[in-house]
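Q: This is the structure, below, for whatever I ask next.
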Amino acid sequence: MPGYPPGYPMPQGYPPQMPGYPQGYPQGYPQGYPPQMPGYPPGYPMPQGYPPQMPGYPPGYMPQMPMPAMPPPPVPSTGAVPTSAPAPRPVSTAVPVAAMPVPAAVAPAMPVPSAPVVTAAAPATPADEGEAEASPASEHHVGEIYHPPALTHIEIAKPPNKFVQLWRKAGASSLLLSILIHAGLGVLALFIVFQSGVMDKQVDFLPGGGTAQGAAASADLQHKVQQKKRSSINKNMPMKKLVSTSVNAAISLPEAPPDSLDMPDVSAMMGGGALGGAGGFGMAGAGGGFGKGMGGMGAAGGFVTLPPSMRSRCSTQERLEKLRQNGGTPECEAAVSASLEWLKGKQNADGSWGRTNKCAMTGLALLCYLGRCETPESPFYGDNVMKGIMFLIEAQKKNKNKLFSQGEKGNAPVYEHGIATYALGEMYTLARLGSKSLPGMREAFEQGVKIIIDNQQDSGSWVYDGETGFYAGKKSREDLSVAGWQFQALKAAKNTGLKIDGLHSSITKMTKYLEEKQTKDGGFGGANRDAHYNQWSLSGVGILGLQTMAKGKTTPIKKGIKFLTDFITAEPLDWNKNCNLYCWYYYTQAFFQQGGEDWKFYNQQFLPQVLSAQQPDGSFKAGRPNWPAGDASDPIYRQCLCTLQLEVYYRYLKVGDREEASFFDK
């Protein structure tokens, strides 16, 4: 035994028996056995489970395997190690391979040499000695776990500069990303807004200070926008035909749902060919009509404008703004909508409204629709309006006196004629908004106006003949109530721009008549309150006529307003005490035209009374009058008078907004 004296008895179990070899096998292990843990000193105890068991071999079998080229650490010694000469490498002992049993499963693949093969270690070369000298000394102590030196070297990275450190500390990368995202969203929003602005240009008529070139440009743009909308609707909406029994012309109306069309927003609209017939659109044109130099059949190019006093009603935005400015409320517009819907359901099959005096009731209903610019092209009520117009045209054709009436006696035909002519005049003016053919309407309207002018009395008034159902002679009595509807028809005729002989002279005579009807109290009409017609019931007629048809009549108008203010202050409007809706209809318009504190005073009284009288179905309940002639017992008549009063906020422009000028000077 190494380290023992010669002849020292071997301890039991020494030398160790190689597993799987016969008893008495030569001492010593074959070279490479037991297997050496790479990187550990010789004789270092093997960990449990090492070496791994090879499948098909006896337990503990470990074939000779090449070891990694790593020099083992030097064996610890008790004394000093001389550094002058390296220790010689140990020579491996010969391993008798022939005596090693070979498993049967692998015997054919492993030839057994006939004699033991001895493998000797080669002597150290100078190169090996140099490598040994270059290798770092490694010291190992018994009982300690050996850790080989690291094979890789990791250098510590240089710290970033101060700017990068501050940038990271402030979280600038997240901030930069957030800024980029918000900038992208902002650019996208601007793009969307820009595109929306391009697609939906808001076209409005120019204010009074606009130039002619600006007005023409606005008209051209509005025309293109409306044409584009109309073209799109006509492609998608089915057409409905309505044919007059006496006129060879078809009227086509689009059936469009309410949300597919905008309300007409008007400044200068289309001209040419809208009404057809003799004459076109031309103010002072060759054939009469609208628009300078257009005349003829109205086929020439050009644009027309609505009278300034009527523009507010045909622009949704303008209408709502006027409603707000003039003391109206959202309930007003809602009440008007409900009323128009109720009237729609009450229209007769022949296009008329009412049971009696159908032409008057039809004219009033049409005025209600036209008061909010519901024309034959309206997607909501266009069919109703067109049928009403055709009814009036046919009624005039059948009347022996060519009045708009189905009656032949009494006072009703003259009243009906004035009301229906008034309605057709407004329709003719608003017809320029669209392109629908209105066969025979212009001729019927001009004939109706001509009858009013020709039958005006020398006094400037009008009156009926109960026996003939026509106008009375020029020298007969006057009637301020009848005159009220006739001058409103003349006002509508003036708005059309048609050249009608005698129109201006008739208006002059009428305004002179109204001035003469003013009493010393400031009212208009009879001074005896017990009389049938008196200044307490008809002052609104006289005041409204001077406001809208005359110029420079400030003094009589103010006197009349003061008279009514004192009267209504003493006897406030009350639906259940003095509901004289015929009188209220004129009062409302007169106070509105006056404006200012006078209108504020009246509006605070009349508006709550009318709104509170409307029922859930849109109709207005009957009130209690204190003057029988001022009552409106007929449901259609009452509905129309209430609706026209609620439309007063935008139906016509106020006198104050026209700078105290005449209705016809603007």
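Q: Please compute the Kirkwood hydrodynamic radius of the range 345-393 from all pairs of different C-alpha atoms, in Å with one decimal.
A: Radius from the Kirkwood sum: 10.4 Å.
Q: For ASP350, ASP530, ASP479, give me the order by solvent-accessible area with a 1.4 Å probe, most accessible first, ignoring ligands, DNA and RNA.
A: Largest to smallest exposure gives the sequence ASP530, ASP350, ASP479.
Q: Continuing with this model, one more query. For the pairs LYS475/LYS654; LYS409/LYS520; LYS402/LYS494; LYS450/LYS562; LYS346/LYS551; LYS400/LYS621, note any where the Cα-Cα span goes beyond 29 Å.
A: In this structure, LYS475/LYS654; LYS409/LYS520; LYS450/LYS562; LYS346/LYS551; LYS400/LYS621 lie more than 29 Å apart at Cα.
Q: How about the range 473-552: which trypsin sites (Lys or Arg not before Pro) there lie in a loop by DSSP and see at most 15 other Cβ atoms within 10 Å?
A: Answer by residue number: LYS474, LYS475, ARG477, LYS499, LYS520, ARG529, LYS551.
Q: Hey, another quick one. Give me the distance in nm between label points sitting 7 Å out from Cα along the Cα-to-Cβ direction at PHE163 and ASN528, one decimal.
A: If labels sit at PHE163 and ASN528, their model points lie 10.6 nm apart.
Q: Ok, one more. Once ligands and nucleic acids are excluded and a 1.4 Å probe is used, how much of SER337 is accessible, expressed in Å² to the nearest 10?
A: For SER337, solvent-accessible area is about 40 Å².
Q: Also, quick follow-up: For LEU180, LEU514, give me the order by solvent-accessible area with a 1.4 Å probe, most accessible first, ignoring ligands, DNA and RNA.
A: Order by accessible area, largest first: LEU180, LEU514.
Q: With a 1.4 Å probe and every protein chain left in place, tell me how much accessible area HIS504 has, in Å² to the nearest 10.
A: Probe radius 1.4 Å; accessible area of HIS504 about 120 Å².
Q: Let me check something: with ligands and nucleic acids excluded, how do SER405, SER612 order by accessible area (1.4 Å probe), largest to smallest?
A: Of SER405, SER612, the descending order of accessible area is SER612, SER405.
Q: According to the Kirkwood expression over distinct Cα-Cα pairs, how big is the hydrodynamic radius of the range 491-544, in Å?
A: 12.5 Å
Q: Here's a follow-up. Probe 1.4 Å, all protein chains in place: accessible area of THR511 in Å², nearest 10?
A: Rounded to the nearest 10, the figure is 20 Å².
Q: Also: Using a 7 Å offset from the Cα along the Cα-to-Cβ direction at both HIS504 and ILE156, what is the distance between the two label points in nm, to one decimal?
A: According to this spin-label approximation, the distance is 10.7 nm.
The values are calculated or read from the model by the stated rules, or taken from the named source; none is laboratory data. The structure displayed is predicted, hence computed values, not measured ones. Virtual Cβ from ideal backbone geometry, glycine too; neighbours counted across all protein chains shown. The area values use the complete protein model at the heavy-atom level, side chains included, leaving out ligands, DNA and RNA. Shrake-Rupley method; radii C 1.70, N 1.55, O 1.52, S 1.80 Å.
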